[in-house]
Amino acid sequence: MPQRAANLAETRKNNWDQYPDENGKFGQFGGRFVAETLMPNILALDEAYQFAKNDEAFKTELSGYLKHYVGRPSPLYFAERLTAHYGGAKIYFKREELNHTGAHKINNCMGQILLAMRMGKTRIIAETGAGQHGVATATVCARFGLPCVVYMGAKDVARQSPNVFRMKLLGAEVRPVTAGTQTLKDAMNEALRDWVSNPDDTFYIIGTAAGPHPYPAMVRDFQSVIGNETKVQMLEMEGRLPDAVVACIGGGSNALGLFHPFLNDDSVKIYGVEAAGLGLDTDKHAAAMAGGRPGVLHGNRTYLLQDDDGQILDAHSISAGLDYPGVGPELSFLKDTGRATYLSTTDDEALEAFQLCSRLEGILPALEPSHALARIGEIAREIGKGGLVVLNLSGRGDKDIFTIAEALGNKI
Amino acid sequence: MTVARISSAFANAASQSRAALVLYVMAGDPTLEKCEEVLDALVEGGADIIELGFPFSDPMAEGPSIQLASQRALANGVTLKKTLAIAQNFRAKHSQTGLILMGYLNPIESMGYEVFAKNAANAGVDGVIVVDAPPEEDGELRECLKANDIAIIRLAAPTTDAARLPKVIEGVEGFVYYVSVAGVTGVKAIDVAAIKEKVAIVKAAANLPVAIGFGIRTAEAAHKTSQIADGIVIGAAVVDSVFAAHQNGQNCAQVAREFAMQMRAATQKD
């Protein structure tokens, strides 16, 4: 039996819910690779999270805010015209763009800020790429009256100016990061530097399913509301599970949120779509799994874009939310075990998919899920008529209109 | 030699009633050539141990000084392999001075732990500090280093409490590096009175010399810190002085030598 198949058989028998182990490992991936100053914080967070996730009072409080403040459950919507356009399986959208703040990011922020308050933390920091996680963090900080500092690469500050202004309106301080490549990875470095300098009072709300353990597991769990709702809704609407679930891959929070509840359902195929930028054959892309190899960055071992010396390479994507040289460790594990299939989409393909979805469904998707939309036709045809496919429409495109206008050669 | 070279550097300083002087330089900064001259000058000025940084694109625990030094080194084409070549040149000239590599895990993973440990031993490296490899994650690397008689040196931080300390010092050789402030390198200033007790606890538990670093920029701070430590580590201030000299067209080696002499004088116990 080839190694991959053997691994898969082994993990299936073992049940996917057992990952990560107590050291935060998903096979060889994950872990806690941080400076000693932060280790006590990471361990305390793990302890607090392990307690909270089994605590009925915490779960009730969180689901109350998700319902009344975030607006959950988000609809599962049959994209009829897009389905007709491709002529394959029925395409459903999980409408995460209808959440308060316009993306899936707030699911996780709500969970983490409730945890932060339980831990007695009085100051919140976050990193952001596209700005969606920054807006979501600023939002929950405003709601609960905690000061908020958001680190954002200077390049992203320039290309996501509407979200920068939103964060400021919400009372957050946005600190542009001019080090390194001035994008998401540098924002994360700077947030970690802040945390190492303020370990006592500060809680770091990481927005993606990456970072040192317990973040990858915790973010995935808070985002799993997406997949759990999808399951219930699909059973109500179609009377059975979908044949495939599809999401774009940046760090992996929207993807794992949809994927994780389906991992133990062997009949459900898992498709992740990485950002191929100007093309996988160029050095301007953000496809860590297609074009990288395992290494250690930002507290975890995972697939990374890196050179022969282990220096992290610049990622490129038209979508700021996918412009990251790594990927969450659980997604790396799903790659090596063969449970997930990963595809990629170029900038141009994402722009086309954005326009098609806008015109056929009356929904302006964010550039991030536009990458998943670009592959949905092939997947729907492969599954075939009578099949069911769910795509995580993880965010709305309003924040991207300036970028899109520029790419299409228009002036707003 | 190797681990023994670190131990004798501390023993030698102690016999002279002073703290050992540990000075940090980023490999290949400000230029490949000047870096090697600076290393020689630091030894001439009185450094007992050299910490040679190898650059990483994402140095998460560094303040602006060493971040920028890392970027300059990468721009000068420095890799872990080239850092080891610099180490080898250094060792050929200086048989007594301790030599420690300091950096982040990914370049080491990329080279492979075993290959790295062998190459480092061949280059005459005595110890290794990996900032983002806490004891929970450094087991495999530690074994490879130990097989080559290279010390793994860990950082103990102000946040490391009594319950965690045994884990941090387990398997450490040479010395324990006590991080004087919760923060990144070279930003916050050291408060000697505040850490005195903590340093004594670490020293007693580890039964090894303790060197204090992060936050020592002046001779005054170096002198105060020397009173409570077996060694002091100065990084950002060395990097800044040398780079300023480089930018102003001064002789980097001379500036480095004077800096080391001044700090060496400050290590004397009262």
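Sorting A:380-386, B:226-232 by average packing, meaning the other beta carbons within 10 Å per residue, from highest down gives B:226-232, A:380-386. Within 10 Å of the Cβ of each residue in B:44-57, the mean number of Cβ atoms contributed by other protein chains is 2.
Using a Förster radius of 22 Å, what is the FRET efficiency between A:ASP308 and A:GLN28 based on their Cβ-Cβ separation? Nearest 0.05, please. After rounding to 0.05, the efficiency reads 0.60. Just add up the charged neighbours of A:ALA142: K/R +1, D/E -1, any other residue whose Cβ is under 13 Å from the Cβ of A:ALA142. That works out to +2.
Considering only B:ALA117, A:PRO40, B:ILE234, and ranking their Cα positions along the charge dipole of the protein assembly as shown that arises from unit charges at the beta-carbon of Lys, Arg, Asp and Glu, the one farthest toward the positive end is A:PRO40.
Sort B:250-258, A:290-298 by the packing proxy (mean of other Cβ within 10 Å over each peptide's residues), most packed first.
Packing order, densest peptide first, comes out as A:290-298, B:250-258.
Of the GluC sites (Glu not before Pro) in the range B:122-191, the ones in a loop by DSSP (not H, G, I, E or B) with at most 12 other beta carbons within 10 Å are B:GLU170.
Other residues with beta-carbon under 11 Å from the beta-carbon of B:GLU258 carry, at +1 per Lys or Arg and -1 per Asp or Glu, a net charge of +1.
Computed from the Cβ-Cβ distance with R0 of 41 Å, the FRET efficiency linking A:LYS284 to A:ASP55 stands at 0.35.
Label the range B:1-107 by shape, choosing from rounded, prolate and oblate, from the square roots a ≥ b ≥ c of the eigenvalues of the Cα gyration tensor; if a/c is under 1.5 it is rounded, and otherwise prolate applies when a/b is larger than b/c, oblate when it is not. Taking the square roots of the gyration eigenvalues as a ≥ b ≥ c, the range B:1-107 is prolate.
Averaged across orientations, what area in nm² does the convex hull of the alpha carbons in the range B:126-270 project?
9.5
Could you give the alpha-carbon Rg of the range A:168-219 over 2.2 N^0.38 Å, rounded to two decimals?
So the range A:168-219 has a normalised radius of gyration of 1.23.
Mean residue ellipticity at 222 nm, helices only, chain B: -15000 deg cm²/dmol; runs of at least 4 DSSP H residues each add -39,500 (n - 2.57), and the sum is divided by the number of residues. The relative contact order of chain B, computed from alpha carbon pairs under 8 Å that lie at least 6 residues apart in sequence, is 25 percent.
Protection proxy ranking for A:352-365, B:35-48, using the average of other Cβ atoms within 10 Å per residue and placing the highest first: B:35-48, A:352-365. Can you pick out the pairs among B:LYS188/B:LYS269; A:LYS67/A:LYS399; A:LYS105/A:LYS399 whose Cα atoms lie more than 20 Å from each other? Where the Cα-Cα span goes over 20 Å, the pairs concerned are B:LYS188/B:LYS269; A:LYS67/A:LYS399.
Checking the table B:LYS82/B:LYS118; B:LYS93/B:LYS118; A:LYS155/A:LYS269 against a 26 Å threshold on Cα-Cα, which pairs fail?
As for pairs spanning more than 26 Å Cα to Cα, those are A:LYS155/A:LYS269.
Using just its DSSP H runs of length 4 or more, each adding -39500 (n - 2.57), chain A gives a mean residue ellipticity at 222 nm of -13500 deg cm²/dmol after division by all residues. Peptide A:179-186 is shielded by partner chain Cβ atoms: per residue, an average of 3 of them sit within 10 Å of its Cβ. For chain A, A:CYS109, A:CYS248, A:CYS357 have no disulfide-compatible partner, since no other Cys C-beta lies under 4.7 Å from theirs. The ellipsoid equivalent to the alpha-carbon distribution of the range A:253-314 has semi-axes of 26, 15, 9 angstrom, derived from the gyration tensor eigenvalues as √(5λ) and listed largest first.
What average number of partner chain Cβ atoms lie no more than 10 Å from the Cβ of the residues making up B:176-183?
3
Is the shape of chain A rounded, prolate or oblate, going by the alpha carbon gyration tensor and its root eigenvalues a ≥ b ≥ c, with a/c under 1.5 for rounded and a/b larger than b/c for prolate? It is rounded, given that a/c, with a ≥ b ≥ c, falls under 1.5. Is the shape of the range B:3-266 best called rounded, prolate or oblate, per the rule: a/c under 1.5 gives rounded, else a/b larger than b/c gives prolate, else oblate, with a ≥ b ≥ c the square roots of the Cα gyration tensor eigenvalues? Rounded shape, in that the Cα axes give a/c under 1.5. Computed about the Cα centre, the dipole magnitude for chain A is approximately 820 debye when only Lys and Arg (+1) and Asp and Glu (-1) carry charge, each at its Cβ.
FYI, it's all coordinate maths here, none of it is from the lab. From a predicted model like this one, the values you see are computed outputs, not experimental measurements. Positions of Cβ are backbone-derived with ideal geometry, glycine not excepted, and every protein chain shown enters the neighbour counts.
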